[in-house]
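Okay, so here's the structure we're looking at.
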Amino acid sequence: RTSPLFASIESSTSPRYLATMNSSPDLGIGLPTPTPTDTFDLGNKLTQRLQDHIADRARTQHRIDLATTQLQNLFKSAPKRPRDSKIALREKVRKLERDRTSRSLPLSQEKALIRQIDGVQKQIRMHDDVERHQELIRRKKAEIESVKDALRTTNANISEIEEALSKVELAKRLGCSVSDLINREVDCPVEKLGRVIGKHGATIKAIEEKVGVHIDVDKIHGKIHVRGN
């Protein structure tokens, strides 16, 4: 499927395009409106967009790295959960309070019960601390996933711009407009792809330079994609 960005680029030399060029809302990439004398300036604009997205990717990755370190620290500092459940501890407090208030006790026994109640209540507070800490971990995980989603979007934008830029640069090298470029797909047995590619891609590079095309090889499906005019 042709993306909105590619569709805009391929129509970059039409009169309608020269009058007003559509942007690509799906990608959040606003493309400039070229004039007949600077059509290939689109390549410079795309390069600038690409650099902006690459810088944004670096910032986003830094946020992920920082948040991941914070998450690891949260795991390391997680408080211990008491053995008894919070419900059982509350029931224990009620029984101790009932023992303390239902009958007259010597002062020493009453103080001992109060110390036991304080100890149980401390364990209840430990449960609260564990729950608050787990909520911090949950929020940090959600933050990381959100930033990773942003990184995936940025990477998709970068891939789209790189492919669009390759079309613009190829058209410039061939001395034609982007709209003149065509694509051809050639089937090739997977076991034969090595001969097509050549050592370190030498065969493909030689074909590209001699014929003036751009070649991509799909090693999984045995497809060779050729782009030229």
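What residue, of Arg49, Arg57, is at pLDDT 95 or above, open to solvent by 70 Å² or more (accessible area, probe 1.4 Å) and not in a loop (DSSP other than H, G, I, E, B)?
Details: Arg49 fails: at pLDDT 95 or above.
Selected residue: Arg57, the only one of Arg49, Arg57 that is at pLDDT 95 or above, open to solvent by 70 Å² or more (accessible area, probe 1.4 Å) and not in a loop (DSSP other than H, G, I, E, B).
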request  = Give me a count of the residues in the range 193-229 that are in contact (Cβ under 8 Å) with a residue 24 or more places away in the chain, part of a helix (DSSP H, G or I) and out of contact with any Ser or Thr (no Cβ under 7 Å at 6 or more places or on another chain).
outcome  = 2
query = Taking the stated definitions as given, is Glu191 at pLDDT 85 or above, over 28 Å from His53 (Cα atoms) and within 24 Å of the chain's Cα centre (by Cα)?
reply = no
message = So if I check each of Lys167, Lys219, Lys205, Lys172, which one is basic (Lys, Arg) and buried (at least 16 other Cβ atoms within 10 Å of the Cβ)?
response = Lys167
query = When both residues are 6+ apart or on different chains and their Cβ atoms are under 7 Å apart, which pairs have a first residue that lies in the range 138-151 and is within 12 Å of Gln61 (Cα to Cα), and a second that is surrounded by 14 or more Cβ atoms within 10 Å (Cβ to Cβ) and among the charged types (D, E, K, R)?
reply = Val147/Arg63; Leu151/Arg57
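Take the residues in the range 69-87 that are assigned to a helix (DSSP H, G or I) and open to solvent by 50 Å² or more (accessible area, probe 1.4 Å); name whichever of them is nearest to Ile124 (Cα to Cα).
So in the range 69-87, the residues assigned to a helix (DSSP H, G or I) come out as 69-76, 86-87.
Imposing the further condition that a residue be open to solvent by 50 Å² or more (accessible area, probe 1.4 Å) reduces the set to 69-70, 72-73, 75-76, 87.
Working: Thr69: 29, Gln70: 26, Gln72: 26, Asn73: 24, Phe75: 21, Lys76: 21, Ile87: 9 Å.
The selected residue is Ile87.
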query = Do we find a residue being more than 30 Å from Arg184 (Cβ to Cβ), more than 44 Å from the chain's Cα centre (by Cα) and open to solvent by less than 80 Å² (accessible area, probe 1.4 Å) anywhere in the range 137-152?
reply = no
ask   = Which is open to solvent by less than 80 Å² (accessible area, probe 1.4 Å), farther than 30 Å from Gly43 by Cβ and not in a helix (DSSP H, G or I), of Leu105, Leu96?
value = Leu105
task = Search the range 167-187 for residues that are touching a residue at least 24 places away in the same chain (Cβ under 8 Å) and polar (S, T, N, Q) and pair each with any residue that is in a strand (DSSP E or B) and open to solvent by 60 Å² or more (accessible area, probe 1.4 Å) when their beta-carbon atoms are under 7 Å apart and the residues are at least 6 apart or on different chains.
result = Asn183/His225
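Quick check, is Lys141 assigned to a helix (DSSP H, G or I) and over 26 Å from Ala67 (Cβ atoms)? Reasoning before the result, please.
Details: assigned to a helix (DSSP H, G or I): yes; over 26 Å from Ala67 (Cβ atoms): no.
The answer is no for Lys141.
Consider Val168 carefully, then state whether it is under 29 Å from Gln48 (Cβ atoms), of a type in the set (Val, Ile, Thr) and at pLDDT 85 or above.
Values: under 29 Å from Gln48 (Cβ atoms): yes; of a type in the set (Val, Ile, Thr): yes; at pLDDT 85 or above: yes.
In short, yes.
The values are calculated or read from the model by the stated rules, or taken from the named source; none is laboratory data. All of these numbers come straight from a predicted model, not from anything done at the bench. Here Cβ is always computed from backbone atoms with ideal geometry, including for glycine, and neighbour counts include all displayed protein chains. To get the accessible areas, we keep the full protein, side chains included, count just its heavy atoms, and leave off ligands, DNA and RNA. Shrake-Rupley method; radii C 1.70, N 1.55, O 1.52, S 1.80 Å.
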